[in-house]
Structures are given as structure tokens and as C-alpha cells.
Amino acid sequence: MAQPRVVIIGAGPAGVRCAEAFVAAGLKPTVIDEGRRDGGQIYRRQPANFSRSYATLYGTEAGRAEALHASFDRLHGRVDYLPQTLAWNISEGRVHLMHHDGAPRASSVAYDILVLCTGATDRLMPTPGWEYAGTYTLGAAQVALKSQAVAIGRRIVFLGSGPLLYLVASQYIKAGAQVAAVLDTSALALQWRALPKLCARPGLLWKGMLLLRAIRRAGVPIVRGVTPIQITGDAENGVQGVRYRTAAGTEHQLACDTVAMGYHLRAETQLADLARCAFGFDAASRQWLPQIDEQGRSSVAGVYLAGDGVRIRGADAAENAGRLAALAALADHGYAAAPRQTEQLLRQQLPMEDFRLGLQQAFPWPAGQAAALPDTAVICRCEGISAGELRAVVNLNGAREANRAKAFSRVGMGRCQGRYCGHAGAEVIAAALGCPIAEVGRLRTQAPVKPLAFNVVEEPQ
């Protein structure tokens, strides 16, 4: 029997463990990685000429990061690893690639088994002024610190909600940066109510509490239940401060030259869409996610999904999901099943799913902010489209669905392909229509999923 051609997209926690399982079964998978080195975003490796310790880089997750990196190092020569490679389209059983490890070049690779371990990106809610220079996502702030060993500004405000908000703020404090404040849109009462679900993973909950303690000990104020009003500044000088309203209704302004913002995460689902996987609406997170079975099988034969690219459960859950997807694919293609290992992994995932739901309850997506945005607020930074312009295509042109509104307004047609404006834009549409967010639908993915260079040479297939 000819060995199946296995392609794994992503070399974070899910992708590494997935590749490990295929190699253990005697296969040599192709691992496509947009990054320079394995590890994904959470365990992003520093450049080879940097010498910071694992404890410095990853804190309480240093052991897991080091173990994952060591595992992938042992796979070298047993996988076909393609770093600095963008998977920009999937069609007719092939993944189309753009390589950036030298002069840009294009190629494609065929697959019998495709495992998408695409991870997640920041989920953003626009705030008036977020288009000014000096506004970063939490993920970008983290990349700057890990990969370049630099801070994004001299005086930084962290704005948003979710565990990543506190993690990146604590990393900046530890690195010696000046953090002006952490502004959390989630109320403390919601976080207390979510404790029963969060206690499903007491170790992780304890790590979160340690992060809070470290931030407080550094003298950085944590303000919960805030409503962002404006990121102040101008187009010439960039960010100059943040205005916000407290839960008690009082307005405050903080001086800063940089804002790092994010509202938990959104699954990176574009490639699953291009692979024609079915999606369903997840009410807990108010977003559309690919449909999978408990092991990661999608609705398309031969296509499997694992990690934060399909469910935001964290790095250790992503490792389990990567293994589960590989085991499912191996069993589906005639290799020996591993029911005991599969059962054990599935049991381990149960408290992780409870914890995921707890996080959604503790740090909810602030959908109401979209409805309250002034008409002048920019929704789509790529195309410069305001909330008022988007509301106009709903009210005047009858655009009742996300893709129709995109066609009329260009929201989601820019460089990010709707990654950063799509969720908030859908909330604006739903509020204008007075309908449930699920009825607005989701933006359909178009290839290429990210911008491509023109001056490329295509390699022969």
C-alpha cells in the first residue's frame, strides 16, 4: 500500500504533536510553517543569535515550551519542514504555497491527508482612534518582545479583555517596560461567576492569579469593567492617550504613546473555509467555527482540524488535539487504531472545554460596544471604512448579510481580509438590523488569504 501524502499546516503546539504522531506511525509528513522557526505564537522561538533563557521568555510555560521545541528538533530529517512558507490557497487536493526563505517563489503540494493547525489571531473591537500609529494588537506586542527583544512603546496601555491581556502585560512588566495601566472591559463580577467552570483547571487558574499578583506588585493599576471611549491622538503624531469610562460612570484619561489591544482570540479559519469545510455558529464566543467531530475530522474527507484554529482551548489542549487528529487520520487510512490513547486524550480534553466556556463567561466579547460606536469610528482600518458608512449600506442599500455589506462598503476587502474587522463589522450590521448576530453570517474567504508578491518564480510540480 502506498503511503498517504500527509500535509500539516502550522508548527505550533498542535502541529508539532500531530507531526510527531505521524512520524511514530512511519510516515514523513510535510510541515508548512509561516514562521521562521517552529513553536507557533505562544511558544515562538527567539532568533538563533539571541540567548535569553526559557524562564525569561515563557515564564510559567517555560517547561512546556522547551519540551515542544525539543520534540520538534528530534523530528528534523523525519519531516519535510518548510519554514517561512505561506499556505495561501487550497484547491483540488493541493495546497498552494509562497516561500519567503529567500527570493519569493511559488509552489504547490498534493495531499491525501491535510491537517490544519492554523492557530489563532487577536480578536479586535474597534475604538475611535485605533487607526493611529502606536496602536498594536496584543499578539504584535508579544512578537516584538519575543522576536526582537523590544517594547512597542515608552508608556503602554493594555486595553481589552481575556487572559492574553494579562499575560502580555506581565511579560512587558517583567522586561522592564513602563506599563501605564491594564484596562479590562470585563466586570469583576463576571469573572467571579465563571469560577466554577474555571476551576475545571485549577493549575491554569492559579497561574492566572499569579499573573495578576505580579502586575499589582509592579504598581500597575488594573481597572475592570471599563468602556473605551477613545484612543486620543492624531494622524501626524500617533497615539497620545486613552479615554475610558469606569463601571461607576466616571470618565478618565491616561497619557501614553502606545496601546496594545485585544479581546481574547479568534480562530484562524480561512484555510478551512477554502478546503470547503462546513461551519457552525458558536453562541458562546459569537463567532463561526468549523464543524468537527471529537477527534478533529471535518466535514470533508481527508481534512482534519486541530488546535486554536478550530477551538480556543489553550496550548496544552492544542497538543492533545494535534495528536487526536493524527490518530483519526491514521485510523481512517488503514493504520492500526489506538483506542486507549484516543480515549485518554478525549478525557483530558473535557475539563479544557469546560475551561474554554468559563473564559467566554469571564471575559465576554463586548458586542454592545459595536452598537455604541459613533458613525465616525473606523471599522475597517485597511480600507478606512467607518461605522457610519457600514450602517448606511445596511439602512440604504438593504445589505442584511455580511458579504452583501462587504460588496457595498469594502469592509473586509483589505490587506487583513476581514481578520480584524469582520467580527466587529458583523456586530454593527446586526445592531443596525436589530437581528441576532448569527443571521448576519460570516465573510467568505477568498484566495489569497494574505497578500502575495508578483515577482515570483513558480517551481514545477
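The values are calculated or read from the model by the stated rules, or taken from the named source; none is laboratory data. Bear in mind that the values here come from a model prediction, so they are computed numbers and not experimental data. Heads up, the Cβs are rebuilt from the backbone with ideal geometry, glycines too, and the neighbour counts pull from every protein chain shown. The protein model used for the area step is the full one, side chains on, heavy atoms only, and it has no ligands, DNA or RNA in it. Shrake-Rupley method; radii C 1.70, N 1.55, O 1.52, S 1.80 Å.
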| task | For the pairs Lys28/Lys174; Lys197/Lys406; Lys174/Lys197, note any where the Cα-Cα span goes beyond 31 Å. | result | Lys28/Lys174; Lys197/Lys406
| query | What are the residues whose amide H is under 5 Å from the amide H of Thr258, where those residues sit 5 or more places off or on another chain and H is modelled from the backbone? | reply | Arg155, Val157
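Given charges of +1 on the Cβ of Lys and Arg and -1 on the Cβ of Asp and Glu, with all other atoms neutral, how large is the dipole of the chain about its Cα centre, in debye to the nearest 20?
With Lys and Arg at +1 and Asp and Glu at -1, about 880 debye.
Averaged per residue, what accessible surface does the range 75-211 expose to a 1.4 Å probe, in Å²?
Details: 5240 Å² over 137 residues.
Heavy-atom accessible area per residue stands at 38 Å².
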| Stretch Lys174-Arg340 to full length: gain in nm at 0.36 nm per residue minus the Cα-Cα span? | 55.5 nm
| request: Express in nm, to one decimal, how much length is gained between Leu210 and Phe454 on full extension, taking 0.36 nm for each residue of separation and deducting their alpha carbon distance. | output: 83.0 nm
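In whole percent, what relative contact order does the range 218-328 give with Cα contacts below 8 Å and a gap of six or more residues? Walk me through the numbers on the way to the answer.
Values: 156 pairs, mean separation 16.9, N = 111.
Computed value for the range 218-328: 15 percent relative contact order.
What share of the DSSP beta bridges in the chain is antiparallel, in percent to the nearest 5?
On the way: 34 of 67 bridges.
Of the beta bridges lying entirely in the chain, close to 50 percent run antiparallel.
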| query | [x] 71, 55, 51; [y] 83, 54, 47; [z] 69, 53, 46: which one is Cα extents along the principal axes in Å as calculated from this entry? | reply | [z]
| query | DSSP loop trypsin sites (Lys or Arg not before Pro) in the range 115-163 with at most 13 other Cβ atoms within 10 Å of their Cβ, which ones? | reply | Arg154
| message | Compute the angle between helix 422-433 and the longest alpha-carbon principal axis of the chain, please, reported from 0 to 90 degrees and rounded to the nearest 10. | response | 50 degrees
| How many percent of DSSP beta bridges within the range 89-219 run antiparallel, rounded to 5? | 65 percent
| message | Let me check against my output: what whole-number percent is the relative contact order of the chain, with C-alpha pairs under 8 Å and at least 6 apart? | response | 18 percent
| Tell me, what is the FRET efficiency for Glu236 and Gln3 to the nearest 0.05, using R0 = 60 angstrom and their Cβ-Cβ distance as r? | 0.50
| field | log₁₀ of I(q)/I(0) at q = 0.30 Å⁻¹ - the range 231-275, Debye sum with one point per alpha carbon | value | -1.05
| message | In the chain, if the dipole is taken from +1 on Lys/Arg beta carbons and -1 on Asp/Glu beta carbons about the Cα centre, which of Gln291, Ala194, Pro126 is farthest to the positive end? | response | Ala194
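Nothing charged except the Cβ atoms of Lys and Arg (+1) and of Asp and Glu (-1): what's the magnitude of the dipole of the range 73-212 about its Cα centre? Round to the nearest 20 debye. Could you put the intermediate results ahead of the total?
Numbers: 13 positive and 8 negative charges, 110 e Å.
That gives the range 73-212 a dipole magnitude of about 520 debye.
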| task | With the Cα gyration tensor of the range 62-175 in hand, give its eigenvalues times 5 under a square root as the equivalent ellipsoid semi-axes, listed largest first in whole angstrom. | result | 33, 20, 14
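Using a 1.4 angstrom probe with every protein chain in place, what is the largest-first accessible-area order of Glu268, Glu294, Glu236? Intermediate values should be presented prior to the final figure.
Details: Glu268 25, Glu294 140, Glu236 160 Å².
Reading off the accessible areas and sorting them downward yields Glu236, Glu294, Glu268.
At a 1.4 Å probe radius, carbon and sulfur cover how many percent of the accessible area of the chain?
Details: 10410 of 19820 Å².
Looking at the chain in its full context, I get 53 percent from C and S.
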| Roughly how big is the range 201-354's charge dipole about its Cα centre, with Cβ charges of +1 (Lys, Arg) and -1 (Asp, Glu), in debye to the nearest 20? | 580 debye
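Please give the per residue accessible area of the range 254-376, computed with a probe of 1.4 Å over protein heavy atoms only, in Å². Provide the component values of the computation, followed by the final result.
Details: 4650 Å² over 123 residues.
Per-residue value: 38 Å².
To the nearest 0.05, what FRET efficiency results for Ala149 and Leu195 with a Förster distance of 51 Å applied to their C-beta separation?
Details: r = 36 Å, r/R0 = 0.72.
Step by step, r from the Cβ atoms, then E = 0.90.
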| remark: Per the charge dipole of the chain (beta-carbon charges, Lys/Arg positive, Asp/Glu negative, Cα centre), the residue among Ser53, His69, Tyr304 reaching farthest to the positive end is Ser53
| field | the chain - Cys residues lacking any other Cys C-beta under 4.7 Å | value | Cys18, Cys117, Cys199, Cys256, Cys277, Cys382, Cys416, Cys435
| message | As I understand it, the value is the acute angle between the Cα axis of helix 62-75 and the longest principal axis of the Cα atoms of the chain; what does it come to in degrees, rounded to 10? | response | 30 degrees
| request: Sum -39500 (n - 2.57) across every DSSP H segment of at least 4 residues in the chain, then divide by the residue count to get the 222 nm mean residue ellipticity, nearest 500. | output: -10500 deg cm²/dmol
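Net charge near Leu164: determine it from the other residues with C-beta under 12 Å of the C-beta of Leu164, scoring Lys and Arg +1 and Asp and Glu -1. Present the calculation step by step, with values, prior to reporting the outcome.
Working: positive: Arg123, Arg266; negative: Asp122, Asp184, Asp308.
Result for the neighbourhood of Leu164: -1.
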